[in-house]
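> Sharing a structure, written as structure tokens. Questions coming.
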Amino acid sequence: MTAGHPPLCQSGPVHEDRAEPGRGTHISVAPRSVDELERDAAWHVTRSVPAGDWVTAERYVERGNRRWRIGLTPVTDDVAALILWSGDDVVAHARGREADLCATAHRWINDIFSGQRAS
């Protein structure tokens with residue numbers, strides 16, 4: 001886990017993507033829910049017991065010498081929070097509907113892989 005930040009999920013494996021020039025994990029259609037994010041093995045979703053509601057979703061991406069972490073967590077029934085770390089620094093965050101934030105997370109990942117996100 002990244003020093004200085006508590007883990008978004010407390011157990012389970014950490015999934016990482018290591019992008020190489022000309023390669024990477026890119027999904028052409030943006031996911032619209034955490035359930036859709038979870039279909040990609042790079043995402044780790046923690047769920048409540050026994051209801052099975054999602055509590056956190058996180059993904060790590062490495063590109064070059066930089067490590068990125070993307071995390072989502074519900075705030076209320078209608079609002080979730082999305083955070084992007086680069087190393088120990090929070091570089092972006094948003095609150096909104098789950099569908100919108102999943103699409104934003106997808107865009108951030110594509111921006112990282114394409115080199116468009118510098119910080």
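We did not get these values from a lab; they are worked out from the coordinates using the rules stated. It should be emphasised that the depicted structure is a prediction, and the values quoted were computed from it without experimental measurement. Cβ coordinates were reconstructed from backbone atoms using ideal geometry, including for glycine residues, and neighbour counts include every protein chain displayed.
> What's the ranking of 97-109, 38-50, 71-83 by average number of surrounding C-beta atoms within 10 Å, highest first? Can you show the working numbers first?
Values: 97-109: 19.3, 38-50: 13.5, 71-83: 15.3.
Going from most to least packed, we get 97-109, 71-83, 38-50.
> Another question, then. Taking 0.36 nm per residue of separation and subtracting the Cα-Cα distance, what length does fully extending residue 97 through residue 39 add? Numbers along the way, then the final one.
Working: separation 58, 0.36 × 58 = 20.88 nm, distance 1.94 nm.
So the extension gain works out to 18.9 nm.
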